[in-house]
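Right, one structure below, let's go through it.
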Amino acid sequence: MHRLSSLAPTLLLGAVLLVAGCTRFTEGTNLSCPRAVFLGGTDTLVRFAPDAARTERNVAAQFELYDMQYSCRISSRRAEANVTFAVSGMRRSSAVAENHEVPYFIVVTNQQGAVVAKHNFTARLRFPAGGNAATITERVEVTLPLAEGQRAVGFELVVGIQLTREELDYNLARR
């Protein structure tokens, strides 16, 4: 499990200015929580055979993010969100390495859609000996400090695989 508690200085300044004391949490609903989504085009990572053309025929392994589960708790001072999702991998041959790292990110955007924080992580998949499929579950806790009068519903948590420009272009061309 990963915990994120440091966000952009503007959000932190708002949190510091809040009056100290007890915080009462309520379970959030879709109407009060920040939204959590996968970023389109970044939910798949394709690895090709070395020195091979970037075609479907030469795919050595493919990784995907899916099955996002999300919950949050809201107080007047902060939102605590738990984002859980699966990372799966399929390899076409047991000759492909057993261990793979899938870099992913969580971006927090504010009410205007501006990025206020980005955090990078790595999911580590291990294919069983002789097996061609692997799945793990990643869980990340995100704490959003809220300035007085600020509502969590305006924020968004965006999850995706950290792709190169070439990998993203490949994904978008397949859509």
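The values are calculated or read from the model by the stated rules, or taken from the named source; none is laboratory data. Quantities reported herein were computed from a predicted structural model and do not represent experimental measurements. Neighbour counts are summed over all protein chains in view; Cβ atoms, including those assigned to glycine, are modelled from backbone coordinates with ideal geometry.
Here are the numbers:
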{"item": "Condition broken by A173, with the remaining ones in (1) touching a residue at least 40 places away in the same chain (Cβ under 8 Å); (2) closer than 18 Å to V46 by Cα satisfied", "result": "(1)"}
{"item": "Extreme residue, nearest to the chain's Cα centre (by Cα), among residues of the stretch 96-130 that are of a type in the set (D, E, K, R) and farther than 18 Å from D43 by Cα", "result": "R126"}
{"item": "Residue match in the stretch 134-143 (condition: in a strand (DSSP E or B), modelled with pLDDT under 95, under 15 Å from C33 (Cβ atoms) and out of contact with any His (no Cβ under 9 Å at 6 or more places or on another chain))", "result": "yes"}
{"item": "Filter pass, R126 being charged (D, E, K, R) and closer than 25 Å to Q69 by Cα", "result": "yes"}
{"item": "Odd one out for G131, checked against (1) surrounded by fewer than 19 Cβ atoms within 10 Å (Cβ to Cβ); (2) touching a strand residue (DSSP E or B) at 6+ places or on another chain (Cβ under 7 Å)", "result": "(2)"}
{"item": "Answer from E64, E80 - the residue that is under 30 Å from R151 (Cα atoms) and either modelled with pLDDT of 90 or more or not in a strand (DSSP E or B) (or both)", "result": "E80"}
{"item": "Complete set of residues in the stretch 40-61 that are of a type outside the set (V, I, T) and assigned to a strand (DSSP E or B)", "result": "L45, R47, F48, A60, A61"}
{"item": "Residue satisfying all of: in the stretch 94-128; among the aliphatic types (A, V, I, L, M) and more than 18 Å from R35 (Cα to Cα); surrounded by the fewest Cβ atoms within 10 Å (Cβ to Cβ) among these", "result": "A95"}
{"item": "Residues (closer than 20 Å to P145 by Cα and part of a strand (DSSP E or B)) located in the stretch 94-121", "result": "F105, I106, V107, V108, T109, V115, V116, A117, K118, H119, N120"}
{"item": "Of residues in the stretch 144-175 being assigned to a loop (DSSP other than H, G, I, E, B) and of a type in the set (G, A, S), the one farthest from Q62 (Cα to Cα)", "result": "G149"}
{"item": "Hey, I74 surrounded by 15 or more Cβ atoms within 10 Å (Cβ to Cβ) and touching a helix residue (DSSP H, G or I) at 6+ places or on another chain (Cβ under 8 Å) or not", "result": "yes"}
{"item": "When residues of the stretch 67-77 are limited to those that are of a type in the set (S, T, Y) and outside any strand (DSSP E or B), the one modelled with the lowest pLDDT", "result": "S76"}
{"item": "Failed criterion for M90 (all others in (1) more than 12 Å from the chain's Cα centre (by Cα); (2) under 30 Å from G113 (Cβ atoms) hold)", "result": "(2)"}
